[in-house]
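**Q** After the structure tokens below, expect a handful of questions from me.
The values are calculated or read from the model by the stated rules, or taken from the named source; none is laboratory data. Since the structure is predicted, the reported quantities are computational estimates derived from the model, not experimental observations. All Cβ positions, glycine included, derive from the backbone under ideal geometry; neighbour counts span all protein chains shown. Heavy atoms of the whole protein, side chains included, go into the accessibility calculation; ligands, DNA and RNA do not. Shrake-Rupley method; radii C 1.70, N 1.55, O 1.52, S 1.80 Å.
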Amino acid sequence: MSGFSSIRFGADYNPEQWPKAVWDEDVRLMRGAHMTSATVGVFSWAKLEPRPGEYNFEWLDEVLDKLHEGGIRVILATATASPPAWLARLHPESLPVKEDGTRLNFGSRQHFSPSSSAYRTYAMRLVHQIAARYHSHPALEAWHINNEYGCHVSHSYDDESAAAFRAWLTERYGTIEALNEAWGTAFWSQAYSEFAEVGVPAQAPAHRNPAQLLDFNRFSSDALLALHREEAGIVREYSQGVPITTNFMGFFPRVDYWRWAEHVDVVSDDAYPDPADPDSYVLLSAERDLMRSLGGGKPWLLMEQAPSAVNWRDRNMPKAPGMNRLHSLNAVARGADAVCYFQWRQSVAGAEKFHSAMLPHFGTESRIHREVQDLGRELAGLDAVVGTEVKAQVAIVLDWDSWWAIEQEAVPASRDYLETVLAWYAGFLRRGVEVDFTRAGASTAGYQLVVVPVLHVASTAALDELASVATRGNTLVVSYQSGVLDPQLHAYTGGYLGGVGSALQQALGVAVEEVAPLASAETVTLLDGSIQGAATDWQERVEVRDAEVLASFDDGFAAGQPAITRREHGANSGIAPGAAWYVGTQPTAPLMDALVERWLADAGISAAFAAPEPGVETIVRGGFRFTGNHTAEPRTVTIAGKTWELEPYGAHYEPIAT
Ligand code: GLA
């Protein structure tokens, strides 16, 4: 499990922003807020190494000792997230370069190219120093590698990145002929005669090579991961048995967290839902479920959230009273063993002075601080859930390759992949059904219902695994735009869904002849079947080979064509019957709700809520049922004959009857 014995409650602590006199008060007030953990040193490089090779650790020694004396454990950062000014001056080539060739300057943070050898050399040298000095500090409870890798700079188009990309491609393809084949360079005279000719996909006159773009995304994620792995490797040389993490950013589009999750001991996440967006609870809940899923179901750490407003949106709304508690319990209910903030004491200078903190500018007698204190007290009583897991019977496939490819230029319709996936997820959330996310190609054996929204890119092996869901007696739901391209972005011909005669085409009993995006605000009606409602975004001409048509398009380009099909499997074969659904359009929320009802029935899963409850969630973890109201109105919910009254932004939990 996460290895913690109680729910960790804490924050980023940036003592270098404050005179020493404040540190004692900090520890005293942290105790008063029931804080158990402080993440220290995230942005301390310039203070720790003011000049190259000249180290200044005494202040950090003092801070860690004070925290230890105060009973606060430390999540120690490796301090490599924001290189000092001297590094930019000594090695201007370490600064990242944008797609248009502009080099970014020193003066904010994360100003390093992921492939810079100078950055790497100096960063690793610092990590050696920190790990050697603090590996046995009694306050140490976890290592925090770097910070939010890729948040500001994930792709750099500098010369070192180009060289590293070529090395990555050489490793992947072996020969230039293999690269030419994979990238389809026969098109537009793009063939290369040697790797030395291959560059990063910087700005170009027209549409760039799609496979080159996708490989550059994969490479960029791997380049950052290599930095993480190198730091983690150094830390492990000195420090065994102390968990290592790096803070993820939820559904972050630019790095593939499935590939990263194997390289942390515990997953951690930073989450900043917009308090002004009434639907942000969908993204928030899904993000928690993703973090749990990345760790294979194990507990994870909420490393950062804001107690109230952030400072980086156009208009930064505070969290309404109760919302901070609600979001924190939402994390715990969905598998978190830590609830931490950015940051402890609100800065008075710098770009984040208007970002909320546990200890606001106003001081301790503030709404925010009181809410934080109350929450700390409450979480200290929730030890029973620590280390426990959440059991989900539904899995939704999430895939970064598909995300990158479907959002490329030169596709049938521009799409927000995450928004699309969340529309499918939300149908289950509204019914209080636990959902995991799963990686394309991973075993789906533990799930009764597997949902595959817009899995645009997939290997044959991954599609075969999905097809097996229905043939082994479970329920499979596949949406439009799935199995369209192979991992090198070559189209599967002969009806998509993995191409002519694929296992998935057979499992679904359909093939896709032609696609037809709808205008962005257009809706179409589905009629002529047992399922009726409105759909958006997409239509298709689908050839039905062996499936029941449950709804057809009533209007639009595809009027009269099948929209939703279902093929039953094994009904008379002695194995439990499975079902394979194909949905050739994007259901509106009411239609999604109706479909979720049918899919749950097929899969034999009972929902907590008898009818959809938008804005309300429920989930079971560690023997407790958590219920939360993400709306500004009081809500009454009934689960299995029992009724709860929830205040606006109220959350409730109690042991489930056994
Ligand atoms: C991220 C960073 C923090 C801070 C917050 C502000 O999570 O990791 O250092 O900048 O954003 O929301």
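**Q** Identify, from the list Ala306, Ala226, the residue that is more than 16 Å from the ligand (Cβ to nearest atom) and out of contact with any Cys (no Cβ under 8 Å at 6 or more places or on another chain).
**A** Exactly one of Ala306, Ala226 is more than 16 Å from the ligand (Cβ to nearest atom) and out of contact with any Cys (no Cβ under 8 Å at 6 or more places or on another chain), namely Ala226.
**Q** Out of the residues in region 74-93 meeting the condition of being buried (at least 19 other Cβ atoms within 10 Å of the Cβ) and touching a strand residue (DSSP E or B) at 6+ places or on another chain (Cβ under 8 Å), tell me which one is farthest from Ala338 (Cα to Cα).
**A** The selected residue is Thr78.
**Q** Residue by residue through region 283-303, note down the ones that are open to solvent by less than 10 Å² (accessible area, probe 1.4 Å) and either over 19 Å from Val421 (Cβ atoms) or without any contact (Cβ under 8 Å) to a residue 40 or more places away in the chain (or both).
**A** Pro299, Trp300, Leu301, Leu302, Met303
**Q** Quick check on this structure: which one of Ala182, Ala204 is crowded, with 16+ Cβ neighbours inside 10 Å and over 27 Å from the mean Cα position of the chain (by Cα)?
**A** Criteria check complete, one pass: Ala182.
**Q** Take the residues in region 103-154 that are within 16 Å of the ligand (Cβ to nearest atom) and either of a type in the set (Ser, Thr, Tyr) or in contact with a Phe, Trp or Tyr (Cβ under 6 Å, 6 or more places away or on another chain) (or both); name whichever of them is nearest to Trp168 (Cα to Cα).
**A** Within region 103-154, the match that is nearest to Trp168 (Cα to Cα) is Ser154.
**Q** Can you find a residue in region 155-178 that is part of a loop (DSSP other than H, G, I, E, B) and within 16 Å of the ligand (Cβ to nearest atom)?
**A** No, region 155-178 contains no residue that is part of a loop (DSSP other than H, G, I, E, B) and within 16 Å of the ligand (Cβ to nearest atom).
**Q** Being among the small types (Gly, Ala, Ser) and within 16 Å of the ligand (Cβ to nearest atom) is true for just one of Ala77, Ala88. Which residue is that?
**A** Just one listed residue meets the conditions, Ala77.
**Q** Could we say that Pro96 is surrounded by 22 or more Cβ atoms within 10 Å (Cβ to Cβ) and assigned by TED's automatic domain parsing to the domain that holds Glu231 here?
**A** When the stated conditions are applied, Pro96 passes them.
**Q** Would you point out which residue out of Arg292, Arg288, Arg259 is away from the ligand (no atom under 15 Å from the Cβ), touching a Lys or Arg at 6+ places or on another chain (Cβ under 9 Å), closer than 21 Å to Ser356 by Cβ and part of a helix (DSSP H, G or I)?
**A** Only one candidate passes the filter, namely Arg288.
**Q** Continuing with this model, one more query. Which residue, of Val339, Val372, is hydrophobic (A, V, I, L, M, F, W, C), under 23 Å from the mean Cα position of the chain (by Cα), outside any loop (DSSP other than H, G, I, E, B) and at pLDDT 95 or above?
**A** Within the list Val339, Val372, the selection yields Val339.
**Q** Which ones in region 606-658 are among the aromatic types (Phe, Trp, Tyr) and either open to solvent by 60 Å² or more (accessible area, probe 1.4 Å) or modelled with pLDDT of 95 or more (or both)?
**A** Phe609, Phe624, Phe626, Tyr649, Tyr653
**Q** Have a look at Ala349, Ala306, Ala320 and point out the one that is more than 20 Å from Gly628 (Cβ to Cβ), assigned by TED's automatic domain parsing to the domain that holds His34 and in a loop (DSSP other than H, G, I, E, B).
**A** It is Ala349.
**Q** Does at least one position in region 306-316 carry a residue that is buried (at least 22 other Cβ atoms within 10 Å of the Cβ), touching a residue at least 40 places away in the same chain (Cβ under 8 Å) and among the hydrophobic types (A, V, I, L, M, F, W, C)?
**A** Yes, region 306-316 contains at least one residue that is buried (at least 22 other Cβ atoms within 10 Å of the Cβ), touching a residue at least 40 places away in the same chain (Cβ under 8 Å) and among the hydrophobic types (A, V, I, L, M, F, W, C).
**Q** Does Tyr173 satisfy the criteria of being hydroxyl-bearing (Ser, Thr, Tyr) and open to solvent by 30 Å² or more (accessible area, probe 1.4 Å)?
**A** Judged against the criteria, Tyr173 is a match.
**Q** Can you pull out the residues in region 268-282 that are within 16 Å of the ligand (Cβ to nearest atom), open to solvent by 10 Å² or more (accessible area, probe 1.4 Å) and either under 17 Å from Leu301 (Cα atoms) or of a type in the set (Phe, Trp, Tyr) (or both)?
**A** Matches in region 268-282: Tyr272, Pro273.
Condition check ((1) open to solvent by 40 Å² or more (accessible area, probe 1.4 Å); (2) part of a strand (DSSP E or B); (3) among the aromatic types (Phe, Trp, Tyr)) across all residues:
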{"position": "Ala507", "(1), (2), (3)": "no, no, no"}
{"position": "Val512", "(1), (2), (3)": "no, yes, no"}
{"position": "Ala521", "(1), (2), (3)": "yes, no, no"}
{"position": "Ala534", "(1), (2), (3)": "no, yes, no"}
{"position": "Val542", "(1), (2), (3)": "no, yes, no"}
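**Q** Scanning for something open to solvent by 10 Å² or more (accessible area, probe 1.4 Å), within 16 Å of the ligand (Cβ to nearest atom) and assigned to a loop (DSSP other than H, G, I, E, B), does region 240-249 turn up at least one residue?
**A** yes
**Q** Let me ask you something else. How many residues, within region 309-328, are within 11 Å of the ligand (Cβ to nearest atom) and not β-branched (Val, Ile, Thr)?
**A** Matching residues across region 309-328 total 5.
Residues are listed down the side, and each one gets a yes or a no for (1) charged (D, E, K, R); (2) outside the structural domain of Val542 (by TED's automatic domain parsing):
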| position | (1), (2) |
| --- | --- |
| Phe557 | no, no |
| Thr565 | no, no |
| Gln586 | no, no |
| Pro590 | no, no |
| Lys642 | yes, yes |
| Leu646 | no, yes |
| Tyr649 | no, yes |
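**Q** Sticking with this one: Going through Ala118, Ala79 one at a time, which residue ends up being within 30 Å of Phe216 (Cβ to Cβ), part of a loop (DSSP other than H, G, I, E, B) and either modelled with pLDDT under 95 or of a type in the set (A, V, I, L, M, F, W, C) (or both)?
**A** Answer to the check: Ala79.
**Q** Condition test on Ser117, is it open to solvent by 10 Å² or more (accessible area, probe 1.4 Å) and not acidic (Asp, Glu)?
**A** It is true that Ser117 is open to solvent by 10 Å² or more (accessible area, probe 1.4 Å) and not acidic (Asp, Glu).
**Q** Conditions: (1) under 30 Å from Ser5 (Cβ atoms); (2) more than 16 Å from the ligand (Cβ to nearest atom). Val97 meets all but one. Number of the miss?
**A** (1)
**Q** Hey, another quick one. How many residues does region 1-23 contain that are in contact (Cβ under 8 Å) with a residue 24 or more places away in the chain and assigned to a loop (DSSP other than H, G, I, E, B)?
**A** 9
**Q** Quick check on region 352-369: of everything there that is open to solvent by less than 40 Å² (accessible area, probe 1.4 Å) and either more than 24 Å from the chain's Cα centre (by Cα) or not assigned by TED's automatic domain parsing to the domain that holds His34 (or both), which residue is farthest from Asn330 (Cα to Cα)?
**A** Within region 352-369, the match that is farthest from Asn330 (Cα to Cα) is Gly363.
**Q** From the list Thr631, Thr638, which one is assigned to a strand (DSSP E or B) and polar (S, T, N, Q)?
**A** Thr638 is the lone residue from the list that is assigned to a strand (DSSP E or B) and polar (S, T, N, Q).
**Q** Condition test on Pro15, is it out of contact with any Asp or Glu (no Cβ under 6 Å at 6 or more places or on another chain) and either of a type in the set (Phe, Trp, Tyr) or more than 20 Å from Arg345 (Cα to Cα) (or both)?
**A** Considered against the rule, which asks whether it is out of contact with any Asp or Glu (no Cβ under 6 Å at 6 or more places or on another chain) and either of a type in the set (Phe, Trp, Tyr) or more than 20 Å from Arg345 (Cα to Cα) (or both), Pro15 comes out as no.
**Q** Would you please list the contacts, defined by Cβ atoms under 9 Å and residues six or more apart or on different chains, that run from a residue in region 24-45 that is on the phi < 0 side of the Ramachandran plot and open to solvent by 10 Å² or more (accessible area, probe 1.4 Å) to a residue that is acidic (Asp, Glu) and away from the ligand (no atom under 16 Å from the Cβ)?
**A** Val27/Glu69; Thr36/Glu141
**Q** What is the residue count in region 449-491 for residues that are crowded, with 21+ Cβ neighbours inside 10 Å and farther than 17 Å from Thr585 by Cβ?
**A** 16
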